[in-house]
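The values are calculated or read from the model by the stated rules, or taken from the named source; none is laboratory data. Everything quoted here is computed from the prediction, not taken from an experiment. In this analysis, Cβ positions are derived from the backbone assuming ideal geometry, glycine residues included, and neighbour counts consider all displayed protein chains. These area figures cover heavy atoms from the full protein model, side chains too; ligands, DNA and RNA do not enter into them. Shrake-Rupley method; radii C 1.70, N 1.55, O 1.52, S 1.80 Å.
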Amino acid sequence: LRMSRGLGDVYKRQIPYSADLLFTLEKHFEADLEYQGAGLYRGTISENVSAELLLNPQGNVGRIQIAVTEQATEKEIKDAVACFVRFSNVELDESTVSTVVEEAVPKLQDLKAADEYIYWNYNVGFAGKVERNQLIIFTP
């Protein structure tokens, strides 16, 4: 019974999808997110980088992520990580953003399928994994 109440509290804390959230994501990532079906919104940031919003079956936000193709340049990867870091913590100064990027990008570039990398430092937390031949950067 106690566990059931705990799960109910988790569901109450989920972020509901809204047009305002979609607008905020589009503005931050400078990408028009279009509905792809099955709860997925996707928008192009650059040729090899896209922003994605995934909704769970209840219609709440399941995950916000950036997908980077294997053709992406190192600069595109660094820019994508920096963009996600700024989204994760809008109060960070650019020096700290650069430090996070320099610490995380080499580890993200070394990921293989089924590996997952979790970064937590400077009040920034995110994860990276390889999925469908893409580097996925997301909030775990």
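What to note about this one:
- Rounded accessible area per residue of the range 27-140, 1.4 Å, Å²: 55 Å²
- With all pairs of separate Cα atoms included, the chain yields a Kirkwood hydrodynamic radius of 15.9 Å.
- Accessible area (Å², 1.4 Å probe, nearest 10) - residue 99: 50 Å²
- Once backbone amide H atoms are built at 1.01 Å from N, residue 45 has 50, 51 as its partners under 5 Å, excluding neighbours fewer than 5 places away on the same chain.
- Once the GluC sites (Glu not before Pro) in DSSP loops with at most 16 neighbouring Cβ atoms within 10 Å are cut out of the chain, the longest remaining piece is 92-140.
- The chain, accessible surface, carbon-and-sulfur percent (1.4 angstrom probe): 51 percent
- In the range 31-140, the trypsin sites (Lys or Arg not before Pro) that fall in loop regions by DSSP, at most 11 other Cβ within 10 Å: 112, 132
- Residue order for 138, 23 - accessible surface, 1.4 angstrom probe, largest first: 23, 138
- Estimated FRET transfer efficiency (residue 36, residue 71; beta-carbon r; R0 30 Å; 0.05): 0.90
- The stretch between residue 111 and residue 63 holds 15.3 nm of extra length on full extension. This uses 0.36 nm per residue minus the Cα-Cα distance.
- Projected label points at residue 91 and residue 27, each 7 Å from Cα along the beta carbon direction, are separated by 2.0 nanometres.
- With all protein chains modelled, accessible area of residue 55 [1.4 Å, Å²]: 40 Å²
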